[in-house]
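Rule-based calculations on the coordinates, nothing more; no lab input. The structure displayed is predicted, hence computed values, not measured ones. Here Cβ is always computed from backbone atoms with ideal geometry, including for glycine, and neighbour counts include all displayed protein chains.
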Amino acid sequence: MVAKQFEGALAAVGITPIAAKGEPFDPNRHEAITQCPSADHPPMTCLEEVERGYQLHDRVVRPTKVIVSSRVEG
């Protein structure tokens, strides 16, 4: 309940979370912390969100930290 109130307070001033999971990696909005080989996803796709990022209107306040897919070798 507190988390929802916090998100509501942020949204009231124009701060929104940056979506990442399943989206193509965007270095302007995401920070890759590691890569993980994946046959299920194309390379440079955000597999997992480690730390949520936020933006104020169109300006990034904190990038989302993500795990990015890479090609499977072999």
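Rounded to the nearest 10 degrees, the angle from helix 2-12 to the longest Cα principal axis of the chain is 80 degrees. May I ask you to list the residues of the stretch 44-64 whose amide nitrogen lies under 19 Å from a point 7 Å from Cα along the Cα→beta-carbon direction of Ala9? Only 52-57, 61-62 pass the distance filter.
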